[in-house]
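The structure's right below; bear with me while I get my questions together.
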Amino acid sequence: MPSAYWDESLASLYRQFQYAFSERSLEGRVIILAGATGGLGAATVSLLAREGARLILGYRSNRDRAENLRAAIRRQFQSDIILVAGDLAATETRQSYLDALARLAAPLAGAAILSGAPARASLAEISGESLAHSFESNFSGPVLLARDLGEQMEKSSGGSIVFLATMQAVAAFPSSLNYAAPKAALVHAARILAQEWLRVRVNVVAPGATVAGMAESSVSSGKYDRFIETGAISRFGHPEDVARAVRFFLEPDNYITGQTLLVDGGLTLRRDRAAK
Ligand SMILES: NC(=O)c1ccc[n+]([C@@H]2O[C@H](COP(=O)([O-])OP(=O)(O)OC[C@H]3O[C@@H](n4cnc5c(N)ncnc54)[C@H](OP(=O)(O)O)[C@@H]3O)[C@@H](O)[C@H]2O)c1
């Protein structure tokens, strides 16, 4: 008795070494990029616009930067982007994403939720307030938006959600508790959401020390030079490295869910501390 799910015509193609790799798989598809006007998001916007995706782009309050990015994308790729403003923790903001989507009258194919706050604080500086603020920015807002968008995709044609965490959510770094603990919770939330949905994949990209966005000032100040000088990494991360990882998970025929991909050049391997 053959499997009810066996596709003999596909098997026949494979026996002839014929495989289907779509080249421009995001062309024409609607993708929401929340918190994507910053250093890592802008590179992701650029990569997806270049490919012809239809983008809804969210930011919190820096309208000038969002408008500049929209104008650059129009100039470079003749592509129009819809902008959504507001804090993701607010119900009205999350509704604005759904309203923008409804105006496009096309199914949502995927969403990358990049919003986050550096929430730097030493152990002594951490307070209930600082933790609550970090949880709101780095966990609650992204998770609630993912819930709203994921439910919609699960009911229609399925799709993909990508969260942005950090290498600090995967490995322990000094003074990172205030920032990294909510991001680690985000990593776990991704697994639970991935289990919840059958047609919506949920994954996480966890960047390392990258030269753009919220790490730019630390990298440019020389704070992380020791990672290169001691052989922990060969170079700092570029926004394009992260954008490519986000795009990988957004591909419609991607088969991966519930996973976290570190884009850290191997920093968390701590080659600098490994015995030779
Ligand atoms: N850059 C790095 O090296 C690095 C390393 C590890 C992890 N990450 C993570 O990667 C993600 C993107 O980082 P980035 O460097 O691109 O950050 P960024 O340059 O600071 O940009 C942050 C983006 O998120 C928006 N945003 C922030 N808080 C928000 C909120 N509460 N509601 C809605 N939007 C909000 C910002 O909008 P406004 O500009 O209007 O405020 C902006 O579009 C973050 O989650 C970050 O934690 C970054």
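The values are calculated or read from the model by the stated rules, or taken from the named source; none is laboratory data. This structure is a prediction, so every number in the text was calculated from the model and none was measured. Reconstructed Cβ throughout: ideal geometry from the backbone, glycine too, with neighbour counts over all protein chains shown.
Give the residue that is surrounded by the fewest Cβ atoms within 10 Å (Cβ to Cβ), with candidates limited to residues of segment 32-81 that are of a type in the set (Ser, Thr, Tyr) and touching a strand residue (DSSP E or B) at 6+ places or on another chain (Cβ under 8 Å). Full working, then the answer.
Taking segment 32-81 and keeping what is of a type in the set (Ser, Thr, Tyr), we get 37, 44, 46, 59, 61, 79.
If we keep only those that are touching a strand residue (DSSP E or B) at 6+ places or on another chain (Cβ under 8 Å) as well, we get 37, 44, 59, 61, 79.
Working: Thr37: 26, Thr44: 29, Tyr59: 22, Ser61: 9, Ser79: 19.
Step by step, filter segment 32-81, then rank; the result is Ser61.
Please specify each residue of segment 144-184 satisfying the condition of being under 23 Å from Gln95 (Cα atoms), hydrophobic (A, V, I, L, M, F, W, C) and either buried (at least 21 other Cβ atoms within 10 Å of the Cβ) or at pLDDT below 95 (or both). Working first, answer last.
Kept after step one, since they are under 23 Å from Gln95 (Cα atoms), are these residues of segment 144-184: 144-164.
Adding the requirement that they be hydrophobic (A, V, I, L, M, F, W, C) leaves 144-146, 149, 153, 161-164.
Leu145, Ala146, Leu149, Met153, Ile161, Val162, Phe163, Leu164, listed by residue number.
Does Val187 fit the bill of being in contact with a strand residue (DSSP E or B) (Cβ under 6 Å, 6 or more places away or on another chain), of a type in the set (Val, Ile, Thr), over 30 Å from Ile126 (Cα atoms) and at pLDDT 95 or above?
For Val187, the condition - in contact with a strand residue (DSSP E or B) (Cβ under 6 Å, 6 or more places away or on another chain), of a type in the set (Val, Ile, Thr), over 30 Å from Ile126 (Cα atoms) and at pLDDT 95 or above - is not met.
Condition check ((1) assigned to a helix (DSSP H, G or I); (2) β-branched (Val, Ile, Thr); (3) farther than 21 Å from Leu114 by Cα) across all residues:
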{"residue": "Leu193", "(1), (2), (3)": "yes, no, no"}
{"residue": "Val204", "(1), (2), (3)": "no, yes, no"}
{"residue": "Val219", "(1), (2), (3)": "yes, yes, no"}
{"residue": "Gly222", "(1), (2), (3)": "no, no, yes"}
{"residue": "Arg226", "(1), (2), (3)": "yes, no, yes"}
{"residue": "Gly231", "(1), (2), (3)": "no, no, yes"}
{"residue": "Glu240", "(1), (2), (3)": "yes, no, no"}
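Restricted to segment 155-168, and to residues that are more than 14 Å from the chain's Cα centre (by Cα) and in a helix (DSSP H, G or I), which residue is farthest from Arg244 (Cα to Cα)?
Here the residue is Lys155.
So is His133 within 13 Å of the ligand (Cβ to nearest atom), surrounded by fewer than 23 Cβ atoms within 10 Å (Cβ to Cβ) and either without any contact (Cβ under 8 Å) to a residue 24 or more places away in the chain or within 21 Å of Ala245 (Cβ to Cβ) (or both) or not? If you could, list the steps in order and put the result at the bottom.
Numbers: within 13 Å of the ligand (Cβ to nearest atom): yes; surrounded by fewer than 23 Cβ atoms within 10 Å (Cβ to Cβ): yes; either without any contact (Cβ under 8 Å) to a residue 24 or more places away in the chain or within 21 Å of Ala245 (Cβ to Cβ) (or both): yes.
Yes; evaluated as a whole, the condition is true for this residue.
Please work out if Ile113 is under 24 Å from Met214 (Cα atoms), in contact with a Gly (Cβ under 7 Å, 6 or more places away or on another chain), within 13 Å of the ligand (Cβ to nearest atom) and touching a residue at least 40 places away in the same chain (Cβ under 8 Å).
yes
Turning to a different aspect of this structure: Could you tell me which of the residues Glu196, Glu240, Glu216 is within 12 Å of the ligand (Cβ to nearest atom) and modelled with pLDDT of 95 or more? Show your work before the answer.
Values: Glu196 fails: within 12 Å of the ligand (Cβ to nearest atom); Glu240 fails: within 12 Å of the ligand (Cβ to nearest atom).
Just one listed residue meets the conditions, Glu216.
Now for a different question. Out of curiosity, is Ser22 of a type in the set (S, T, N, Q) and either surrounded by 17 or more Cβ atoms within 10 Å (Cβ to Cβ) or within 20 Å of the chain's Cα centre (by Cα) (or both)?
Numbers: of a type in the set (S, T, N, Q): yes; either surrounded by 17 or more Cβ atoms within 10 Å (Cβ to Cβ) or within 20 Å of the chain's Cα centre (by Cα) (or both): no.
So Ser22 does not fit the description; no.
Which of the numbered conditions does Leu108 fail, given that it passes all the others? Conditions: (1) within 12 Å of the ligand (Cβ to nearest atom); (2) touching a helix residue (DSSP H, G or I) at 6+ places or on another chain (Cβ under 7 Å).
It is condition (1) that Leu108 fails.
So, one more: With segment 1-103 as the region, which strands (runs of 3 or more DSSP E) entirely inside it contain at least 1 residues that are away from the ligand (no atom under 16 Å from the Cβ)?
Working: elements: 30-34, 54-59, 82-85.
The strands (runs of 3 or more DSSP E) meeting that bar are 30-34, 54-59.
Scan segment 105-154 for residues that are assigned to a helix (DSSP H, G or I), among the polar types (S, T, N, Q) and within 17 Å of the chain's Cα centre (by Cα) and report the count.
Number satisfying all stated conditions: 3.
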